[in-house]
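Participant: Pasting a structure here, questions to come.
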Amino acid sequence: MSHPTPVVEMRGISIEFPGVKALQDVDFTLRPGEVHALMGENGAGKSTLIKALTGVYAIDSGSIVVDGAPHTFAGPAAAQAAGISTVYQEVNLCANLTVAENVMLGHEPRRLGAIDWRATRRAAAEHLARLDLDIDPASLLSSHSIAVQQLVAISRAMVVDAKVLILDEPTSSLDADEVRQLFAVMRSLRSRGVAILFVSHFLEQVYEISDRMTILRNGRLVGEYATAELPRLELVSKMIGTSLEVLEKLEEAPKRSVAARADTQPYLRAIGLGRRGAIEPFDLDVYAGEVVGLAGLLGSGRTELARLLTGADRADAGQVEVEGTTTRLRTPRTALGHKIAFSSEDRKGEGVIGDLTVRENIMLGLQAERGWARRISAKRADEVVTKYVEALGIRPADPDALLRNLSGGNQQKVLLARWLATAPRLLVLDEPTRGIDVGAKAEIQRLVAELAADGMAVVFISAELEEVLRLSHRIAVLRDRVKIAEVTGDEVELDQVVELIASGGRS
Amino acid sequence: MKDALTTFTRSRIFWPVVALVALLVANTLKTSSFLSVRVQDGHLFGALVDIARNSSPLLLVALGMTLVIATRGIDLSVGAVVAISGAVACSFIASSPDPASPVTVLTAVGIAVGLSLVLGVWNGFLVSVVGIQPIIATLVLMTAGRGIAMLITGGQITTVNSPPFKTIGSGFWLGLPVSVWIAGLVFVAVAVLTRRTALGMLLESVGINPSASRLAGVHARTLIWTAYALAATFAGIAGLMISSNVMAADANNAGLFIELDAILAVVIGGTSLAGGKFSLSGTLVGVLVIVTLTLTVTILGVPPSVTPLFKAVVVIAVCLLQSPVVRAKLAARRRPAVVAPVPAKVGA
């Protein structure tokens, strides 16, 4: 392999936050015309390294050389001026501005000192066209799906002629088509000599697109490898270190075949339930002790279906029976009253209460159920919190830490603890494993299987089909906001579901 | 001990307390007897007692404002509620056959506070049920409220002569002004209500992330409604104090701009206008700073025409010292190597 002069060279980078050594003596090299994957579990230091490179964090020691010249960026703007553009995990755009304004923000063509809006829209359209993104530049960003917003963010990053493009989890909200589209763009940028730093939790994607990878663990460098020379299993074991037994657990995630249930009634039965513009009327039964998977592409209506089951959105057609009694799930509160808990896919927007502590976040569901007047005693709260912090391995194991200071995987565990503390009979999990590391993922999968084995009904949604397949007893397949099929666990093959999802194509 | 001191100097309440102490010191330098409190007829007298008494109505209004702001809201109508409450009480007493009877006064107080509660429920309805933005929803009553007060008083300044009513604003009990007792009682009640129950935590959760709170089953509507109802009720009590103090109801000027002082006190006390975490003790300090400042201006002989400017300078100084940017810079000076990875730690 040729070794052109690196465009970015980071040597001996260390960053310390109060009480945490986020990075210790990490080296990282990025060469022009390569896609370089940065691998590691949550909390391994990936985001910190990226933020060190882009000037968000100041480094405590080490050196950063960009294009042969040493740099210490005073802030993201300085890094951008040096040709380093970043698209972060969470879409960081202005939802109530137009697409064109978002793409061109800060780079608007001017005429006589004022912004030339027509030229702005035209320039934005050109940048969008390069991503094969056919949307109206004058439309509001918030009117588009998260996936499209993500692509807009990427095209925004490309407005400045970036030498280095950093993509932090760009694919976590994209469906297969959009990922293909993004990869096509990445390949074309690579052939033009752009160096791309790519972070993703999808190993398949990493192996498909990346040339080299750097692996971090606990803030330290594990090593740099050529992707083609590193088998998957070895990569995973390097990422998670010694805890290889977790991997085995992931392999043997128990899938209990559903025992005779003909004589029991479903815990929840949806009959012709639907909501205009969200999901067509569907029927669905969920029995105690089983995991029902929802499979489908992004935008297929899997989230919308889940929201109707849990009162997060209100149905305008059909009805719901809980344990045989017809009822209306008007709000999440009524659903919780029926012991139905919903963990949203939008962890930041609809889950995390960042400025409250881990303890308060865990107790929130229970406390809300009891009402404000009857406060749960500190002793009881301690019991509950300690139990879940230990059972789920929440790190740091400090109930008084603010939730926003925890890593994504740990925040997810705290949210799970919040729902489990309410002792739900039906738990609806929308993408509970998105954007979290392999170890935490395996733990959550194991937990789901155990909960079902203990008699809880679980509805499980994931963009990763293998995961849905492995965990579910029964899978409802959705396409274009219609529930098109239901397949039962043991006989299901991956190809079969993929075929169902793909057959007929997407309109 | 040293840890406690460090925690205190890092907390948001630190600079407001420093400002308060500085104001007291400045006053003492100017007038050496400033801090002295003397006993006369069994009552305490002195500048400090004046500050406490003048703080009472503002503290009541600011306490309610703190709760409303914690839910991401704001209540601009409290000044108008102050006027309405005073107008109702004074008109009732003035038109009653026996203004000096305690029964009359108690009835008047009951009607005024009850009406204030109704007005708060109206605000809460507009915000939590109809979904109007708080600033607009309460602007309705802010403008309409003074009109209502004018209607009640018939456009006149209604004066009353009722010793029991006078007690609320000017009376003494166990050496301290009655209004201080009332404000203190309400302060303790709110503290107990929010921190000994789960009300405070749930209010904060709604203020920090409304959608997440909704999914967690938090009854946001009731909580927000409660906050506005309490805010107006407290404003009503403040209105009684203010009108009792002058024994008159002035529909135009009673409680004028008190909502702005209250918002200022809340902000100085470290509660963010973005909602979420709130601090009642911070609000108390904020109120004391504002009231002491007003008194200082008088004592230092600053001409009344430049008083607002003087006030503004002090407020800007306190707000600057609290801002995350300035605090990060100060922290960086103390420990050069570290750039705060998250906005500077917020004291609980």
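Only the coordinates and a few stated rules stand behind these numbers; no lab work does. Since the structure is predicted, the reported quantities are computational estimates derived from the model, not experimental observations. Cβ: placed from backbone, ideal geometry, glycine included. Neighbour counts: every protein chain shown.
Participant: Each residue of segment B:41-53 in order: what ³J(HN,Hα) in whole Hz does its phi give by Karplus 6.51 cos²θ - 1.76 cosθ + 1.60, θ = phi - 60°, with x for Gly and Pro?
Facilitator: With coefficients 6.51, -1.76 and 1.60, one gets 6, x, 9, 8, 10, x, 4, 4, 5, 4, 4, 4, 5 Hz.
Participant: Compute the convex hull volume of the Cα atoms of segment A:15-68, divide it by the residue count, and report the result per residue in Å³ as a whole number.
Facilitator: Here the figure is 90 Å³ per residue.
Participant: Taking only the Cα atoms of segment A:29-183, how large is their convex hull per residue, in Å³?
Facilitator: 133 Å³
Participant: Also, quick follow-up: Going by C-beta contacts inside 10 Å, put A:Leu233, B:Leu115, A:Leu53 in order with the fewest on the left.
Facilitator: Final ranking by Cβ density, sparse to dense: A:Leu233, B:Leu115, A:Leu53.
Participant: List, in order, the whole-Hz ³J(HN,Hα) value for each residue of segment A:58-65 obtained from phi through the Karplus relation with A = 6.51, B = -1.76, C = 1.60 and θ = phi - 60°; use x for Gly and Pro.
Facilitator: Once θ is set to phi - 60°, the couplings for segment A:58-65 become 7, 8, 7, 7, x, 9, 10, 10 Hz.
Participant: How far is it, in nm, from the label point at B:Ala317 to the one at A:Ala453 when both lie 7 Å from their Cα along the line to the Cβ?
Facilitator: Label at B:Ala317, label at A:Ala453, 6.7 nm between them.
Participant: How long, wide and thick is segment B:42-301, going by the Cα atoms along their three principal axes, in whole angstroms, largest first?
Facilitator: On the principal axes, segment B:42-301 reaches 55, 39, 34 Å in Cα extent.
Participant: Would you pull out the residues with amide H under 5 Å of B:Phe172's amide H, same chain only if 5 or more places away, H placed 1.01 Å from N?
Facilitator: B:Val178
Participant: Continuing with the same structure: When a footprinting reagent is the concern and you count Cβ atoms within 10 Å, what order do B:Ile168, A:Ile135, A:Ile166 take, fewest first?
Facilitator: A:Ile135, B:Ile168, A:Ile166
Participant: Taking H placed 1.01 Å from N in the peptide plane, check which residues at least 5 places from A:Ala317 or on another chain put their amide H under 5 Å from its amide H.
Facilitator: The answer is A:Gly274.
Participant: Using the reciprocal of the averaged 1/r over all distinct C-alpha pairs, how large is the Kirkwood radius of segment A:423-464 in Å?
Facilitator: 10.7 Å
Participant: In whole percent, what relative contact order does segment B:42-301 give with Cα contacts below 8 Å and a gap of six or more residues?
Facilitator: It comes to 39 percent, rounded to a whole number.
Participant: When the C-alpha atoms of segment A:349-423 are aligned to their principal axes, what extent does each axis show, in angstrom, from largest down?
Facilitator: Computed over segment A:349-423, the largest-to-smallest principal extents equal 32, 26, 21 Å.
Participant: Related question: Could you work out the relative contact order of chain A, using alpha carbon pairs under 8 angstrom and six or more residues apart, expressed as a whole percent?
Facilitator: It comes to 15 percent, rounded to a whole number.
Participant: Okay, next question. Using a Förster distance of 41 angstrom, determine the FRET efficiency expected from the C-beta separation of A:Glu229 and B:Leu330, and round it to 0.05.
Facilitator: For R0 = 41 Å, the calculated efficiency reads 0.20.
Participant: Something else: Out of every Cα pair in the protein assembly as shown, what percent are spaced more than 53 Å from each other?
Facilitator: Everything past 53 Å amounts to 24 percent.
Participant: Which of A:Glu9, A:Glu178, B:Glu259 has the fewest other C-beta atoms within 10 Å, and how do the rest follow up to the most?
Facilitator: Neighbour counts put them in this order, fewest first: A:Glu9, A:Glu178, B:Glu259.
Participant: Do the alpha carbons of any pairs in A:Lys441/A:Lys483; A:Lys51/A:Lys163; A:Lys46/A:Lys163 sit beyond 23 Å of each other, and which pairs?
Facilitator: Listed pairs above 23 Å: A:Lys441/A:Lys483.
Participant: Right, another one. Considering the Cα trace of chain A, what is its radius of gyration and what is Dmax, both in angstroms?
Facilitator: 23.8, 78
Participant: Another question about this same structure. Whose amide H sits under 5 Å from the amide H of A:Val428, counting only residues 5 or more places off or on another chain, with H placed in the peptide plane?
Facilitator: For A:Val428, whose amide H was placed from the backbone, the distant partners under 5 Å are A:Ala341, A:Phe342, A:Ser343, A:Val459.
Participant: Here's a follow-up. Under 19 Å from a point placed 7 Å out from the Cα of B:Thr298 along the Cα-to-Cβ direction: which residues of segment B:57-89 have their backbone N that close?
Facilitator: B:57-60, by backbone N distance to the label point.
Participant: Right, another one. What are the extents of the Cα atoms of segment A:336-392 along their three principal axes, in Å, largest first?
Facilitator: 32, 26, 22
Participant: Continuing with this model, one more query. Using the Kirkwood formula over every pair of different C-alpha atoms, what hydrodynamic radius in Å results for segment B:193-311?
Facilitator: 16.6 Å
Participant: Starting from the 7 Å offset along Cα-to-Cβ, what nm value, one decimal, do you get for the label separation of B:Ile136 and B:Ala189?
Facilitator: According to this spin-label approximation, the distance is 3.4 nm.
Participant: Evaluated at 10 °C with a viscosity of 1.306 mPa s, what Stokes-Einstein diffusion coefficient in µm²/s does segment B:186-254 have when Rh comes from the Kirkwood expression over alpha-carbon pairs?
Facilitator: The Stokes-Einstein estimate is 113 µm²/s.
Participant: Okay, next question. Once every DSSP H run of n ≥ 4 in chain A is given -39500 (n - 2.57) and the sum is divided by its residues, what mean residue ellipticity at 222 nm do you get, rounded to the nearest 500 deg cm²/dmol?
Facilitator: -10500 deg cm²/dmol
Participant: Can you compute the modelled spin-label distance between B:Ser211 and A:Leu112, with each label point 7 Å from Cα toward Cβ, in nm?
Facilitator: Here the answer is 4.2 nm between the modelled labels.
Participant: Work the Kirkwood hydrodynamic radius out for segment B:2-100: mean of 1/r over every pair of different alpha-carbon atoms, inverted, in Å.
Facilitator: Value: 17.7 Å, from the Cα pair sum.
Participant: So what is the calculated 222 nm ellipticity per residue for chain B, using -39500 (n - 2.57) for each DSSP H run with n of 4 or more, over all residues, to the nearest 500 deg cm²/dmol?
Facilitator: -22500 deg cm²/dmol
Participant: Here is the link list: A:Lys238/B:Lys329; A:Lys387/B:Lys277; A:Lys348/A:Lys379; A:Lys339/A:Lys379. Which ones come out longer than 31 Å on Cα distance?
Facilitator: A:Lys238/B:Lys329
Participant: For A:Arg395 and A:Ala95, FRET efficiency with R0 = 41 Å and r from the beta-carbon atoms, rounded to 0.05?
Facilitator: About 0.80, to the nearest 0.05.
Participant: If each residue of separation counts as 0.36 nm, what is the full-extension length gain between B:Ala4 and B:Leu260 once their alpha-carbon separation is subtracted?
Facilitator: Stretched fully, the B:Ala4-B:Leu260 segment lengthens by 88.9 nm.
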